[in-house]
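The values are calculated or read from the model by the stated rules, or taken from the named source; none is laboratory data. Keep in mind the model is a prediction, meaning the values are calculated, not measured. Every residue, glycine as well, gets a Cβ built from its backbone with ideal geometry; the counts of neighbours run over all protein chains shown. For accessibility, only protein heavy atoms count, side chains too; no ligands or nucleic acids. Shrake-Rupley method; radii C 1.70, N 1.55, O 1.52, S 1.80 Å.
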Amino acid sequence: MKATITAVGGFVPSYILNNDAITAMVDTTSDWIEKRTGIKERRIAKNDDHSTSYLAVAAIENLIQSYEVDPLEIQGLILATATPDYILAPTASKICEKSGLLNAFGFDMNVACSGFLFALEMGATMIESGRYQKIIIVGADKMSSIVDYQDRNTCILFGDGAGAVLIEKAVEGYGIQKTILKTDGSGTDSLLVPAGGSKNPASLVSILHKKHFIYQDGSYVFKKAVASMSEVCNEVLQENEWTKEDIDWVVPHQANLRIIKAVSDNLNIDFDKVKVNIEKYGNTTSATVPLCLWDFKNDFKEGQNILITTFGAGFSWGAACIKWGVMRRRKNEKSKVNQLQSAECLS
Ligand code: UT7
């Protein structure tokens, strides 16, 4: 038995931070940002109340309404996030409460930019065990809460957002066929938030030294991302006995357009098959892959072969081969959240 994605939802805040606005904050140019990253704008949760749980609840609400899912039937919620509402209590608990997932257990998983793929694999194995039938995986991050808008190495990259999927038992031959997940502690010092955890608890000194913001050795992470994603994609394709010709779509983590292009070049896959929305949202960490699945859901047809790949802090990376299964029927294209969002954008 395999698990398959049967519904998708997403949410991004209405406030748009474009490259021109960033040039007013740090020494950079719109042209540099777009050429070196592919990013034109990102969404920011401006309202202080709009924490990661708010973004996740909005994405789940979008999924529930669009596909008329009964929240009481959901048995489990796995939240992938690097920016929980609090260090302690789990953000997933609040999400279950606010989304009406009153019969579901919930827990947080922090695998940074690879979080969604890791959570998807955990959920899939629970469905495959036969002990659970309906699990929601949500990737959500409010990266603006850990970005230093005076640091040009990072503030150009990140945005806020959330994407959610429902996974259920697949019709035979469909669903998540093979996943490979990897971790490597060698990357910890190259991409991290140095303080606020048990190693460097929050203090006046840590705040003065800006240790609660994300730090990244960009060019080192870039090279590791390209090499690791290329390698793990080849490995998962080989283990699943797919060749590059079998692939209909690639859904990669959206960290940098040049990384995505380099990986598709290494795999020798036509770039037309690669899904990209980084220009609109930047790097939303745990949310990039589910936001891509949400944005491009109309392109994915039953029986098509999709390759997902991610890379993030830790380092952590992975890839999955999915034979797109039967989706639940969608009520209509626009759910309440989408309408609210469009109304917000227009106002
Ligand atoms: O999602 C988790 C994984 N994260 C990633 O995969 C992100 C990986 N890294 C990247 O996306 C890229 O490394 C960055 C976008 C962060 C930086 O791009 P890069 O092409 O690797 O630039 P670089 O760090 O090698 O710097 C090249 C030059 C330097 O100037 P010099 O030394 O050549 O004079 C930098 O000082 O570009 C300069 N630079 C900038 N210039 C204008 C660095 N950041 C900026 C900036 N605006 N924002």
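Descriptive notes on the structure:
- Exposure ranking of Lys301, Lys169, Lys275 by accessible area [1.4 Å probe, largest first]: Lys169, Lys301, Lys275
- In loop segments of segment 1-87 as defined by DSSP, the chymotrypsin sites (Phe, Trp or Tyr not before Pro) with at most 12 further C-beta atoms inside 10 Å of their C-beta are Tyr86.
- The residue among Ser228, Phe116, Ser264 whose Cα reaches farthest toward the positive pole of the charge dipole of the chain, with charges on the beta-carbon of Lys, Arg, Asp and Glu, is Phe116.
- Take the Cα of Asn266, step 7 Å toward its Cβ, do the same at Met25, and the gap between the two points is 3.0 nm.
- Cα shape, the chain, gyration tensor, a/c 1.5 rule: rounded
- Charge sum, other residues only, whose C-beta stays under 14 Å from Trp324's C-beta, Lys/Arg counted +1 and Asp/Glu -1: +2
- Note on Met1 and Arg330: their simple-model spin labels are 2.8 nm apart, each label 7 Å out from Cα toward Cβ.
- Other residues within the sphere of radius under 9 Å centred on the Cβ of Asp160, judged by their own Cβ, net out at +2 (K and R +1, D and E -1).
- Fraction of antiparallel bridges per DSSP, the chain only, in percent to nearest 5: 70 percent
- Projecting the Cα positions of Thr28, His50, Phe107 onto the charge dipole of the chain (unit charges on Cβ atoms of Lys, Arg, Asp and Glu, taken about the Cα centre) puts His50 furthest along the positive direction.
- Proximity of backbone amide H atoms, modeled 1.01 Å from N, is registered between Gly106 and Leu77 at under 5 Å, excluding neighbours fewer than 5 places apart on the same chain.
- Excluding ligands, DNA and RNA, the accessible surface per residue across the chain is 44 Å² with a 1.4 Å probe.
- The helix-only estimate of mean residue ellipticity at 222 nm for the chain, built from DSSP H runs of length n ≥ 4 each weighted as -39500 (n - 2.57), is -9500 deg cm²/dmol after division by the residue total.
- Couplings 3J(HN,Hα) of segment 178-184, computed from phi: 7, 10, 10, 10, 9, 9, 7 Hz, in residue order, whole Hz [Karplus 6.51 cos²θ - 1.76 cosθ + 1.60, θ = phi - 60°; x for Gly and Pro].
- The gain in end-to-end length when the Asp299 to Ser129 segment is fully stretched comes to 58.2 nm, 0.36 nm per residue minus the alpha carbon separation.
- Derived scalar couplings between HN and Hα for segment 224-241 equal 5, 4, 4, 5, 5, 5, 4, 5, 5, 5, 4, 5, 5, 5, 5, 5, 8, 6 Hz in order, rounded to whole Hz, by the Karplus curve 6.51 cos²θ - 1.76 cosθ + 1.60 (θ = phi - 60°), x for Gly and Pro.
- Whole-Hz couplings from phi, Karplus 6.51/-1.76/1.60, listed for segment 218-223; x for Gly and Pro: x, 6, 5, 4, 3, 5
- The residues neighbouring Thr37, those whose beta-carbon lies less than 13 Å from its own, together hold a net charge of +4 under the Lys/Arg +1, Asp/Glu -1 convention.
- The relative contact order of the chain, computed from alpha carbon pairs under 8 Å that lie at least 6 residues apart in sequence, is 27 percent.
- Here the chain exposes an accessible surface that is 50 percent carbon and sulfur, computed with a 1.4 Å probe and the other protein chains kept in place.
- Residue pairs, from the table Lys280/Lys323; Lys98/Lys223; Lys182/Lys275; Lys182/Lys211, whose Cα atoms sit over 31 Å apart: Lys98/Lys223
- Residues whose placed amide H lies under 5 Å from that of Phe311, excluding near-sequence neighbours: His253
- Measuring only protein heavy atoms, the 1.4 Å probe finds Leu72 accessible over about 90 Å².
- Rolling a 1.4 Å probe over the protein heavy atoms leaves Ser93 with an accessible area of roughly 60 Å².
- Trypsin sites (Lys or Arg not before Pro) within segment 174-213, DSSP loop, no more than 16 other Cβ atoms inside 10 Å: Lys199, Lys210
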